[in-house]
Amino acid sequence: MRSLGREVSRCCRCLNYTAAGVWFFCLSAGLWGGSVMSRKNALGYLREQRMKYYATEGSQWLRLEKFYRKRWLWHQLTVDLLRFVHTPALAVGDRIIKLYECFISEFEHWINPMFLVEILIMAAPQVNNWGQVTRLFERTKEKVKHSDEALLLCLTAIATAKMSDMDMAGAKRILDAAEAHMKQMPSVTPVHARFYTILCNYHQAMGQPALYYKHAFHFMSCVDVENITDDLRHQWVAPVILAALAADNVYNFGELLVNPVLKDTDEETQWLVDVVSIFHRGSVKDYDALKDPGRSEKVITQLHDPCNPPPPQKKKKTVQLAFNQLECRKPITFEEVAEEACLPLEEVELLAMKALSCGLIKGTIDEVDQEIHVTWVQPKVLDVKQIGDMMERFEDWCENITDMYALLEKGVIRMLR
């Protein structure tokens, strides 16, 4: 029995020594949240900051130290850090980037990758130049590549840094890589909206209204437009409307008009909404009545480079959309088109050719009889009034069918008699 007890005691002592050795090896090798020296430096930084800002932030630095000492509370530490870096006190000088360099970098491989990128995004404006910001996120990209959302957000941050550094070609390459990665993700996440925001900023800077309009709708599909803040709504509504008006290949404005982003607009934006409504109706007369050259020039320059603004060709687009308002069940005469589009008769044929080339209509032009035979009109999203008109047409059609049925019934009865 004594020999058995001695063996058990010796085994326990060996196990304790082994566990201590493994624990010490992990600390020294950096496998348990960093080396011993880096951990001491991190604790020293926390104590220094607590003493320096004891009156205002002492409790916050003490809480960070408490979580850090308990090596298993990484989530609580990360959440507390993310909340802390959003405070106005840390926005001064280079406090956030110093916090990352002296403290967070010691255990960054243990925390949530998304939170790590979020903290670095807050720290980016405090870096000396955008080239250093790009290199910072390039290094971080390798650390978070196992997380799809964090990697996408990191690529978005790199593209933002390159755009701020006026490296538009480099930003485009990063955005293309981010888009390719995003397409492989299984579901839509909040990071998608942030990616489309940066992508829209790129197209706005490059003066590409059609692509801006396309990706703006992608952004709106990733967020709850009904519940976004008024500031965010006003930030989007004017550029989206201007992009729709300026884009050469956008002729359908119904989706934009029914989008909740247009609700509760101010006076300046409401004028733009009225212009879009006129385009949607294809009313040249209403456009000429509402047109304000001074205000139009002012708002158009918000979307394009003032040094080289591309012409929006709004009047031409309105004239082409006038075809959508004509009755297409019978040949359309040149006179009808000239009256609807407010054009000279000799320009009607050219207008019809442009409408055919843009895909607004399909059909043929009879120059001899001066008629246009339309077989198809580009579908569009209807507004409430247009849906009401369509309902009235259906009701009239149903009444005609009922009358015809009654007429046939009476005729058949007479024939049988």
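Structural remarks
- Among the residues making up the stretch 105-118, a single one is surrounded by fewer than 22 Cβ atoms within 10 Å (Cβ to Cβ) and of a type in the set (Val, Ile, Thr): Ile111.
- Scoring Tyr54 on the criteria (1) under 16 Å from Arg95 (Cα atoms); (2) open to solvent by 80 Å² or more (accessible area, probe 1.4 Å); (3) within 35 Å of the chain's Cα centre (by Cα) leaves a single failure, condition (3).
- From the list Leu64, Leu27, the lone residue that is at pLDDT below 55, surrounded by 14 or more Cβ atoms within 10 Å (Cβ to Cβ) and closer than 28 Å to Arg139 by Cβ is Leu27.
- Of residues in the stretch 347-361 being touching a helix residue (DSSP H, G or I) at 6+ places or on another chain (Cβ under 9 Å) and outside any loop (DSSP other than H, G, I, E, B), the one surrounded by the most Cβ atoms within 10 Å (Cβ to Cβ): Ala355
- Residue list for the stretch 94-104, restricted to those being open to solvent by 60 Å² or more (accessible area, probe 1.4 Å) and under 18 Å from Thr78 (Cα atoms): Lys98, Glu101
- If you go through the stretch 128-180 and pick out every residue that is among the β-branched types (Val, Ile, Thr) and either under 13 Å from Leu199 (Cα atoms) or open to solvent by 10 Å² or more (accessible area, probe 1.4 Å) (or both), you end up with 5.
- Just one of (1) under 24 Å from Asp248 (Cα atoms); (2) polar (S, T, N, Q); (3) outside any strand (DSSP E or B) fails for Thr364. It is (3).
- Pairing residues of the stretch 198-211 that are within 19 Å of Tyr251 (Cβ to Cβ) and assigned to a loop (DSSP other than H, G, I, E, B) with residues that are open to solvent by less than 60 Å² (accessible area, probe 1.4 Å) and of a type outside the set (Gly, Ala, Ser), at Cβ distances under 9 Å and at least 6 apart in sequence or on separate chains, gives Gln208/Tyr202.
- Given (1) under 18 Å from Ala157 (Cβ atoms); (2) surrounded by 15 or more Cβ atoms within 10 Å (Cβ to Cβ), number of the condition Leu90 does not satisfy: (1)
- Some residue of the stretch 385-394 being out of contact with any Pro (no Cβ under 8 Å at 6 or more places or on another chain), within 27 Å of Ser277 (Cα to Cα), at pLDDT below 85 and open to solvent by 90 Å² or more (accessible area, probe 1.4 Å): yes
- Selection of helices (runs of 4 or more DSSP H) fully inside the stretch 48-166 by the criterion of at least 2 residues being of a type in the set (Val, Ile, Thr) and either in contact (Cβ under 8 Å) with a residue 12 or more places away in the chain or more than 30 Å from Ser187 (Cα to Cα) (or both) returns 74-85, 95-102, 113-123, 130-143, 148-164.
- Taken together, the residues in the stretch 212-232 that are farther than 22 Å from Asp248 by Cα and in contact with a His (Cβ under 8 Å, 6 or more places away or on another chain) amount to 1.
- Residue within the stretch 226-234 that is hydrophobic (A, V, I, L, M, F, W, C), in a helix (DSSP H, G or I) and open to solvent by less than 40 Å² (accessible area, probe 1.4 Å) present: no
The values are calculated or read from the model by the stated rules, or taken from the named source; none is laboratory data. Note that this is a predicted model, so its numbers are computed, not measured. No Cβ is skipped: glycine too gets one built from the backbone with ideal geometry, and neighbour counts run over all protein chains shown. Calculation scope for accessible area: heavy atoms of the full protein, side chains included, ligands and nucleic acids excluded. Shrake-Rupley method; radii C 1.70, N 1.55, O 1.52, S 1.80 Å.
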